[in-house]
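Accompanying notes for the structure given below.
The values are calculated or read from the model by the stated rules, or taken from the named source; none is laboratory data. Keep in mind it's a predicted model, so treat the numbers as computed, not measured. Backbone-built Cβ (ideal geometry, glycine too); neighbour counts: all protein chains shown.
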Amino acid sequence: MKKTGWIILIAVLVLLFIIFSWFKGTYNTMVTKSEKVNEKWAQVENVYQRRADLIPNLVNTVKGYAAHEKETLQSVIEARAKATSVNIDASNLTAQNLQAFQAAQAGLSQALSKLMVVVERYPELKANQNFLELQSQLEGTENRIAIERKRFNEATREYNTYIKMFPKNIIAGMFGFTKKPYFKAEKGAEKAPEVKF
């Protein structure tokens, strides 16, 4: 082979290596960003589970003081059961699945708000140390939920932006990387609910 042939062969090999490296780097970055969204989703589920775990103790504490409020207590228990039954696998984060999850969680939030209105009628319950501690944990959990939802949306935005950029969108389409949904505020969420203890 002549010297020119070797130069052309080396140039082609270098070009192929550069293209392969770019494809590999782009694909691996998509995988990393997708896994970050999955990780953030797992943390969202974790804090929602924490809230669900606090509810039986809260209901039992209230039940001791407000036994005749069975309807309200039952609605909280049912809302908790519904909220914990709606689970989404991180690999199946679709807008419809996320909307169903949000609706179930919103139902639980509404039931808890009604429970807190009932608590207003029982001053001795509001002074109970167990109730105060559960109330504090529930408030902290609600804050964590908001933070983790924000972090999930940030990771989702980063991922979605990355897979939509040209020419990465071509690779994303080739390998099945699709847009992930965001948490969205519920209708009427612009007005903060008033919760009194």
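Structural remarks
- Top-ranked residue of the stretch 127-162 - restricted to ones that are hydroxyl-bearing (Ser, Thr, Tyr) and touching a residue at least 60 places away in the same chain (Cβ under 8 Å), ranked as nearest to Arg51 (Cα to Cα): Thr141
- Residue in the stretch 128-139 that is under 18 Å from Glu69 (Cα atoms), at pLDDT below 90 and surrounded by 13 or more Cβ atoms within 10 Å (Cβ to Cβ) present: yes
- Val76 satisfies every condition listed in (1) at pLDDT 85 or above; (2) farther than 18 Å from Val47 by Cβ; (3) surrounded by fewer than 16 Cβ atoms within 10 Å (Cβ to Cβ) except (3).
- Scanning the stretch 81-88 for any residue that is in a helix (DSSP H, G or I) and among the basic types (Lys, Arg) turns up at least one such residue.
- Any hit, the stretch 110-124, residues being polar (S, T, N, Q), under 25 Å from Ala42 (Cβ atoms) and modelled with pLDDT of 85 or more: no
- Against the list (1) surrounded by 14 or more Cβ atoms within 10 Å (Cβ to Cβ); (2) closer than 30 Å to Gly173 by Cβ, the condition Ala42 fails is (1).
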